[in-house]
Amino acid sequence: MAIMIYSEKNGLALEMLTAARLIAANIGTDINALCINNDIQAEELAAAGVRTYSIMNNAINLADTASVAGALQNAAGQLDASIVLLASNRRGKELAGRLAQKLDAGCLTDVNGLQVINGKVQCTRNTLGGATIATQQIDSGRQVIALAPRSFAAAALQERGIVQELGIESGPSPIKLIASRNKAGDVVDIEAADILVIVGQGMEKADVVLAEGIASKLGGELACSKPVATDKKWLGEDRIVGLSGKKCKPQLAIILGVSGQVQFTVGIRDAHTIVAINNDENAYILQMADYAMVADLKEILPELNEVLR
Amino acid sequence: MNIVVAVKQIPDLQQVRIRNRQPVFEGVPFTLGLIDKNALEAGVQLKEVSGANLIVVSAGNEEVEETIKEALAAGADEAYLVIDDKLTDLESSISASVLAAAIRKIDDVGLLLFGEGSGDNYSGQVSSRVAELLGLPQVGYVSQIELDGTVVRITRSLEDSEEVLEAQLPLVISVLGDINEPRIPSVTQILKAGRKPKEIIELNDLDIDLSGLKKITTLSSLAPENDRKRAAVRTVTELVSALQAEGFIGRQ
């Protein structure tokens, strides 16, 4: 019995290694990391002290979830892995369901915390669109757990682990990759920001530039609620905070003109300090703020932007 | 060709109240998940260009017959519904088994569309599990679909990159919430929805034993505690002082 970890993103794989060590410390099991067609990642993972299996087979198509899931299923068999940890980024979430079905495993995704009680891995994750936080455990013999990015610190370097090749067969893939491109221009990592200024529908487009000014003067980033990006298209989708956007844990969140539906608040409620400014005194967001201000943003924003240097 | 859209009946989350940190479902009506409506709209658009038949599939308690009218009004031609009181609040693996069994009853499925996650549990597992159960290839997190005969060209949108992919039908796709803007059905469409064909499937007609499928135990599900200060701030000066006191201003 062993734990197997896999993510195509090395930063996330290192976070999973931290979670794997937490589990292993309680149930005493081996940890194996897996890399597919990426010998640089294999070296980096080994440097963090984990036994790393490197699969080199160009027939495995990373864009084809079934192909990757097949390779992981095969590896889980060879390594006797009963717990598979994946990342809950988009690629990892898609993979989790397919692999779990192949392994006849129970699966939890978007897991943002775990503890081991009496040998059982108890996972926490948002449910009901974020209205509640559930503690759940998988009872089946095999478990697939996908960990939300940034829920665990990246593993520290330890005495170097070994890299071993793992032979995995793979058939032809029905999915053809025509093109792959990085997202253009405005890619910002709001999850990494210490300070976020978040704009909602309760403000006018012309004032977004003021919010941006405030963000930049505080050394933070501009973010938004979902409708601001998807309906109004004022900002890019990479700036969305919420259930189907990013879950952020900044030191400070200044939330402007957002009413505070749970699909939004789930993405920001782990912030250390929350400031909310809204013209509606009944807006729920004011209740979940450390500093709540009922005010007209049209008046407040120019003033705040002016005062900050 | 049939295009199938799988949708989930969920409690209207805007109407769920929290009492003593517990969600209260009493009197809360059912609706379809928000991203399910994007999957449906994608299906309607593909139907319009290809002339395919659009079937919406769902599983739930008896309310699902009413809930599904929304999908029929929005442009689905018919519905396949698995109805049983046991089919509420299911874990993903069981939803997938029930849906896959229902979809097996449909011939000539070209595309099978899902939202990237349900409105309540948002586990994102069901499309992947159904694809595996049916032995079909899949592409998730899709922002664009173009159908050309039996070839489909898809754009998958990841956090930092996009992939343009090509595959032969049949294919399972999960769509992103920003793939389209779901249309609002007209009054005529709503009135017609009630007369569209519905295939009601009893759980007993599907060869599945639900009792053996359960793999997850939920130990608790509680609203997070709110321990915020909730200090009222009246002026910009007060706000700036608060930010200074917290060390967010002038900390260089």
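Bear in mind these aren't lab numbers, they're just calculated from the coordinates by the rules spelled out. A quick note: this is a predicted structure, and the numbers were derived from the prediction, not measured. Note that each Cβ is placed from the backbone with ideal geometry, even for glycine, and that neighbours are counted across all protein chains shown.
Considering only residues of the range B:180-221 that are part of a loop (DSSP other than H, G, I, E, B) and among the hydrophobic types (A, V, I, L, M, F, W, C), which is farthest from the other protein chains (Cβ to nearest Cβ)?
Among them, the one singled out is B:LEU206.
Looking at A:ILE300, A:ILE285, A:ILE277, A:ILE268, which is the one that is assigned to a strand (DSSP E or B) and either β-branched (Val, Ile, Thr) or surrounded by fewer than 21 Cβ atoms within 10 Å (Cβ to Cβ) (or both)?
Answer to the selection: A:ILE277.
If you check B:LEU87, B:LEU113, B:LEU81, which single one turns out to be under 25 Å from B:PRO197 (Cβ atoms), in contact with a strand residue (DSSP E or B) (Cβ under 8 Å, 6 or more places away or on another chain), part of a loop (DSSP other than H, G, I, E, B) and away from chain A (no Cβ under 14 Å)?
The conditions single out B:LEU87.
Quick one: which residue in A:GLU221, A:GLU204 is among the acidic types (Asp, Glu) and out of contact with any strand residue (DSSP E or B) (no Cβ under 9 Å at 6 or more places or on another chain)?
A:GLU204
Among the residues of the range B:158-176, which ones are farther than 21 Å from A:ALA87 by Cα and either at the interface with another protein chain (Cβ under 7 Å from one of its Cβ atoms) or touching a Phe, Trp or Tyr at 6+ places or on another chain (Cβ under 6 Å) (or both)?
Residues satisfying the conditions are B:VAL164, B:LEU165, B:GLU166, B:ALA167, B:GLN168.
Would you tally the residues in the range B:119-142 being more than 9 Å from every other protein chain (Cβ to nearest Cβ) and either among the polar types (S, T, N, Q) or in contact with an Asp or Glu (Cβ under 9 Å, 6 or more places away or on another chain) (or both)?
1
Residue-wise test of (1) within 24 Å of B:SER157 (Cβ to Cβ); (2) away from every other protein chain (no Cβ under 12 Å); (3) of a type in the set (S, T, N, Q); (4) outside any loop (DSSP other than H, G, I, E, B).
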site	(1), (2), (3), (4)
A:LEU222	yes, yes, no, yes
A:ALA229	yes, no, no, yes
A:TRP234	yes, yes, no, no
A:ASP238	yes, no, no, yes
A:SER244	yes, no, yes, no
A:CYS248	yes, yes, no, no
A:ALA253	no, no, no, yes
A:SER259	no, no, yes, no
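Got a sec? Which of B:PRO197, B:PRO137, B:PRO224 is within 29 Å of A:ARG142 (Cβ to Cβ) and either crowded, with 21+ Cβ neighbours inside 10 Å or in contact with a strand residue (DSSP E or B) (Cβ under 7 Å, 6 or more places away or on another chain) (or both)?
Of B:PRO197, B:PRO137, B:PRO224, the one residue that is within 29 Å of A:ARG142 (Cβ to Cβ) and either crowded, with 21+ Cβ neighbours inside 10 Å or in contact with a strand residue (DSSP E or B) (Cβ under 7 Å, 6 or more places away or on another chain) (or both) is B:PRO137.
List every residue pair whose Cβ atoms sit under 7 Å apart, with the two residues 6 or more apart in sequence or on different chains, where the first one lies in the range B:218-241 and is more than 14 Å from A:MET288 (Cβ to Cβ) and the second, anywhere, is of a type outside the set (Gly, Ala, Ser) and loosely packed, with under 15 Cβ neighbours inside 10 Å.
As it stands, the answer is B:LEU222/B:ARG21; B:LEU222/B:GLN22; B:VAL236/A:VAL307; B:VAL240/A:VAL307, since those pairs meet every condition given.
Test B:LYS229 against the criterion of being within 9 Å of chain A (Cβ to nearest Cβ), surrounded by 13 or more Cβ atoms within 10 Å (Cβ to Cβ) and in a loop (DSSP other than H, G, I, E, B), and give yes or no.
No; evaluated as a whole, the condition is false for this residue.
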